[in-house]
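What follows is a short report on a single structure.
The values are calculated or read from the model by the stated rules, or taken from the named source; none is laboratory data. Given the structure is predicted, the values throughout are model-derived calculations rather than measurements. Neighbour counts are summed over all protein chains in view; Cβ atoms, including those assigned to glycine, are modelled from backbone coordinates with ideal geometry.
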């Protein structure tokens, strides 16, 4: 029979060994509810691996990055599953860069963004470029407040992409003909959609994955406008391999975590590097949210449905991640 002292030693050793693998994880939620789905998928996989996960209140991107940076030496894990690369590269630099942050491979790839107008207006007036709005007659088509200028539903204040839009307005000399309307993007877009439903011309900035690409189909209901040349405040080219140029680089969404994850929680680091999610799956789920399934319980149900449909893939990720311990 095992003596009591030996049994206690054994239990303490087991607890210590377990603590090396089980991590306290904080998932940082962004202010965009449409990004909850992709975060929750990672959260649920981490739970299946035996980790304890808490979810923060909604945070602006800059605050989320700084929170991760502040904990770069922590024994715990802090992560965000919606780092837009390269459009948020300046936020990464501002939060300490790779000295404090661990950035993993593409979680969601082929995330496009750009200026969009309704196809009916594009076809009728042969509008192909954002600079076509330098014609006051064309700009007035998108005027919703009768000031003679086109109203662009743009990026929320503080978003990195807002700087790109402002740069375009200067580079292409569009300020006399376009007003960049900023505020709550969701609220502004609701007004834009109401205008669209009445048959009026609309101009807005958008991206994928987002519910809108399921509601208004590119090429059928809406068209992306191009720029006549790449113009980016960081000097990067936005031209695609097929020659098209929408003014914004194609982004990937990546998971970013505190730097210490690479040495203290190698299994989680491995998971973050191998987990993948289709941009179409995200857009589809976002569309469900748009149609009313937007409560926390709905999103959790969407996540569980996705996990069941992708069980073999998820199991293989967990197996590979656990082997990295």
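The table that follows gives values for the structure above.
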| quantity | calculated |
| --- | --- |
| Filtered residue count, the stretch 297-325, keeping only those that are at pLDDT 95 or above and exposed (fewer than 14 other Cβ atoms within 10 Å of the Cβ) | 13 |
| Residue that is surrounded by the most Cβ atoms within 10 Å (Cβ to Cβ) [pool: residues in the stretch 93-105 that are under 21 Å from residue 249 (Cα atoms) and touching a strand residue (DSSP E or B) at 6+ places or on another chain (Cβ under 6 Å)] | 104 |
| Enumeration of residues in the stretch 241-260 that are assigned to a loop (DSSP other than H, G, I, E, B) and more than 20 Å from the chain's Cα centre (by Cα) | 241, 242, 243, 244, 259, 260 |
| Residue, nearest to residue 252 (Cα to Cα), within the stretch 60-80, restricted to residues that are surrounded by fewer than 17 Cβ atoms within 10 Å (Cβ to Cβ) and in contact with a helix residue (DSSP H, G or I) (Cβ under 7 Å, 6 or more places away or on another chain) | 62 |
| The stretch 24-38, residues that are assigned to a helix (DSSP H, G or I) and closer than 17 Å to residue 269 by Cβ | none |
| Any hit, the stretch 226-249, residues being over 23 Å from residue 131 (Cβ atoms), without any contact (Cβ under 8 Å) to a residue 40 or more places away in the chain, surrounded by fewer than 18 Cβ atoms within 10 Å (Cβ to Cβ) and not assigned by TED's automatic domain parsing to the domain that holds residue 88 | no |
| Residues (in contact with a helix residue (DSSP H, G or I) (Cβ under 7 Å, 6 or more places away or on another chain) and in a loop (DSSP other than H, G, I, E, B)) located in the stretch 208-219 | 208, 209, 210, 211 |
| Options 283, 278; residue that is within 27 Å of residue 103 (Cβ to Cβ), in contact (Cβ under 8 Å) with a residue 40 or more places away in the chain, touching a helix residue (DSSP H, G or I) at 6+ places or on another chain (Cβ under 6 Å) and surrounded by fewer than 21 Cβ atoms within 10 Å (Cβ to Cβ) | 283 |
| Selection count where residues are free of Cβ contacts under 8 Å to residues at least 60 places away in the same chain, under 25 Å from residue 213 (Cβ atoms) and surrounded by fewer than 18 Cβ atoms within 10 Å (Cβ to Cβ), scope the stretch 141-179 | 4 |
